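Structure first, commentary second.
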Protein chains: 2
Amino acid sequence: MQLLEQRILQNGNVLGENILKVDSFLTHQVDYQLMKEMGKVLADAYRDKGITKVVTIEASGIAPAIYVAESLEVPMIFAKKHKNITMTEGILTAEVYSFTKQVTSTVSIASKFLNENDHVLIVDDFLANGQAAKGLIEIIQQAGASIAGVGIVIEKSFQDGRQLIEDLDVPVSSLARIEKFENGQVVFKEADL
Amino acid sequence: MQLLEQRILQNGNVLGENILKVDSFLTHQVDYQLMKEMGKVLADAYRDKGITKVVTIEASGIAPAIYVAESLEVPMIFAKKHKNITMTEGILTAEVYSFTKQVTSTVSIASKFLNENDHVLIVDDFLANGQAAKGLIEIIQQAGASIAGVGIVIEKSFQDGRQLIEDLDVPVSSLARIEKFENGQVVFKEADL
């Protein structure tokens with residue numbers, strides 16, 4: 001998606017070896033207009049697939065995911081990273097290791113929100129090692145629901161997340177794919193959308 | 001807001017003494033259509049106030065806040081509850097105690113996103129003891145920005161959050177105000193919006 005690539009080049013900051021900071025429009029300050037455009041483009045790719053729910057993970061996935069959900073006219077569910085005393089009913093969980101935060105966390109979704117009639121589109125802001133998406137896939141499969149695909153805002157294609165997810169027979173579509181960082185600059189490969 | 005009150009009566013669950021669970025449309029599964037309607041109503045109340053930024057706190061505040069931001073055509077910032085290694089630059093912080101989770105956390109916003117020219121609308125899903133909103137007010141004031149008000153989805157009016165915020169000279173507007181829970185049922189008082 002050209003609009004997103006331009007924005008990454010304009011406002012993204014490459015930190016160290018493999019961190020791209022996009023906190024001015026995606027992960028901390030959020031540009032609703034870009035989110036809305038991205039939501040439409042991701043939704044269009046799955047519009048004829050019979051999606052019943054969009055699933056993401058808190059917190060940076062929520063803004064792009066809600067606009068995908070709006071465009072597809074379905075509910076959005078955000079998986080929780082932290083336990084909450086109001087989550088008392090049956091919950092589905094998966095362990096997710098975050099290389100960024102260097103911690104393993106238990107990601108969960110209340111089981112009542114997913115069942116075997118659901119066909120789910122997963123949406124997330126980043127795909128790097130694929131651990132978060134893999135955790136969401138595990139949870140959705142525990143519920144007996146099927147998965148149409150994983151829609152990603154920014155894919156770090158030099159890490160093995162896409163391979164991991166495609167090996168689970170789940171297709172991946174990314175709005176921007178980063179081939180590498182070169183001299184602190186982002187080099188893209190051709191995106192899916 | 002009648003639509004929201006109806007939804008709370010229909011889908012909210014009262015747990016114990018003072019917990020209202022609205023995870024089927026707000027805090028876990030999210031109804032984009034309701035969020036969009038709420039966003040418009042909250043935005044309308046502040047449309048002539050010269051708002052430059054909408055500020056919320058991860059994670060449940062993000063969906064309502066992005067639609068307020070969309071309706072006001074300004075960026076949304078979500079404060080972080082957890083430290084992240086990509087947050088390396090100057091950050092503004094406040095301590096926030098969560099009675100729900102029974103932990104104190106450090107809430108933060110990167111200082112580059114707020115300055116003395118900003119006039120901020122705070123949006124959050126719940127107002128109970130007011131600790132989260134108070135933390136956001138402290139951060140925004142540290143940045144030298146001014147605050148137009150706090151826009152709340154569901155206010156527990158039997159707790160002292162509104163008083164705490166109004167004592168800081170910040171106006172509060174709530175879409176739904178809960179006077180009490182009676183026999184497991186929600187009793188509303190007149191909402192602001």
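Before moving on, here are some points about what is shown:
- Helix B:62-72 vs. chain B, principal-axis angle (Cα, 0 to 90°, nearest 10): 70 degrees
- Three principal axis lengths of chain A [C-alpha, angstrom, descending]: 49, 37, 32
- Rolled with a 1.4 Å probe across the full set of protein chains, the surface gives residue B:32 an accessible area near 30 Å².
- Ordered from largest to smallest accessible area (heavy atoms of protein chains, 1.4 Å probe), the residues B:193, A:42 come out as B:193, A:42.
- Relative to the longest principal axis of the Cα atoms of chain B, helix B:32-45 runs at roughly 70 degrees.
- By accessible area with a 1.4 Å probe, ligands and nucleic acids excluded, highest first: order of A:25, B:99: B:99, A:25
- If only the Cβ of Lys and Arg carry +1 and only the Cβ of Asp and Glu carry -1, the dipole of the range B:44-161 around its Cα centre is close to 300 debye.
- Of all DSSP bridge pairs formed entirely within chain A, close to 45 percent run antiparallel.
- Exercise: per-residue mean of other protein chain Cβ atoms within 10 Å, B:57-67: 6
- Where GluC sites (Glu not before Pro) in DSSP loops with at most 12 other Cβ within 10 Å are excluded, longest remaining stretch of chain B: B:117-189
- Inter-chain Cβ neighbour average for residues A:21-31, partner chain, 10 Å: 6
- Between this copy and the others, label points of residue B:188 are 4.6 nm apart in ascending order, each placed 7 angstrom from Cα in the Cβ direction.
- Magnitude of the charge dipole for the protein assembly as shown, about its Cα centre and with charges confined to Cβ atoms of Lys, Arg (+1) and Asp, Glu (-1), is about 360 debye.
- Inter-label distance, nm, simple model (7 Å from Cα along the C-beta direction), residue B:187/residue A:15: 5.0 nm
- Each residue of the range B:46-61 is assigned a 3J(HN,Hα), and the resulting list reads 10, 5, 9, 9, x, 5, 10, 8, 9, 10, 9, 10, 5, 10, 5, x Hz, derived from the Karplus form 6.51 cos²θ - 1.76 cosθ + 1.60 (θ = phi - 60°), x at Gly and Pro.
- Computed from Cα atoms, the angle from the helix A:131-142 axis to the main principal axis of chain A rounds to 20 degrees.
- Relative contact order (percent, whole number), chain B, Cα cutoff 8 Å, 6+ residue spacing: 19 percent
- When the charge dipole of the protein assembly as shown is built from unit charges on Cβ atoms (+1 for Lys and Arg, -1 for Asp and Glu) and taken about the Cα centre, the candidate among B:77, B:159, A:151 whose Cα reaches farthest toward its positive end is B:159.
- Label points for residue B:6 are taken 7 Å from Cα along Cα→Cβ. From this copy to the others they lie 4.2 nm apart, shortest first.
- With N as its number of residues, the protein assembly as shown has a Cα radius of gyration that, divided by 2.2 N^0.38 Å, comes to 0.94.
- Each other copy places its own label point for residue A:102 at 3.0 nm from this one, sorted shortest first, where the point lies 7 Å along the Cα-to-beta carbon line.
- Label point 7 Å beyond Cα of residue A:40 along Cβ direction - residues of the range A:6-23 with amide nitrogen under 19 Å: A:6-8
The values are calculated or read from the model by the stated rules, or taken from the named source; none is laboratory data. All of these numbers come straight from a predicted model, not from anything done at the bench. Don't worry about glycine lacking a Cβ; one is built from the backbone with ideal geometry, like all the others, and counts go over all protein chains shown. Each accessible area value is taken on the protein alone, full model and side chains, heavy atoms only, with ligands, DNA and RNA left out. Shrake-Rupley method; radii C 1.70, N 1.55, O 1.52, S 1.80 Å.
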